[in-house]
C-alpha cells in the first residue's frame, strides 16, 4: 500500500491531530484512513510534544533554548534529473537542433544526408 500525502504545514498537522483525537483513533490510523502519510503526521506530533505541554496548543518556544532539537521529516523524492544540453548546428541557412537524448542512429542518418549535399 502506498503512503499517503505529506502534511503541508503546522496548521494542517494540528487540525489532523485534533480530528484523530475526536475520532478516538491513533494519529497513524486516522491518517491512513484519510489518505495522509502516517509518518508525516507522527513527525509533526513528536515535534509538538517536544517543547509543548499539549500538542494542540500553540506556544512560543522559550528564548533560553536557542538550539532546541526537532524532528525533521525526510521523504524520498523522484530521481533527480540533470538538465539536458541542446545543440544547434547552422550551415548555409539550414538549422538543426538536437539534444543529449537524440538517438545515435538518427544523428548518423542526418550526418550521412549532410555529407551527400
Simple spin-label model, 7 Å along Cα-to-Cβ: residue 5 to residue 25 in nm? 1.7 nm
On a full-extension model of 0.36 nm per residue, what is the gain between residue 39 and residue 97, subtracting their alpha-carbon distance, rounded to one decimal in nm? 16.2 nm
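Taken together, the values in this text are just the output of simple stated rules run on the coordinates, not laboratory data. Computed from a prediction, not measured in an experiment: that's the story for all the values here. All Cβ positions, glycine included, derive from the backbone under ideal geometry; neighbour counts span all protein chains shown.
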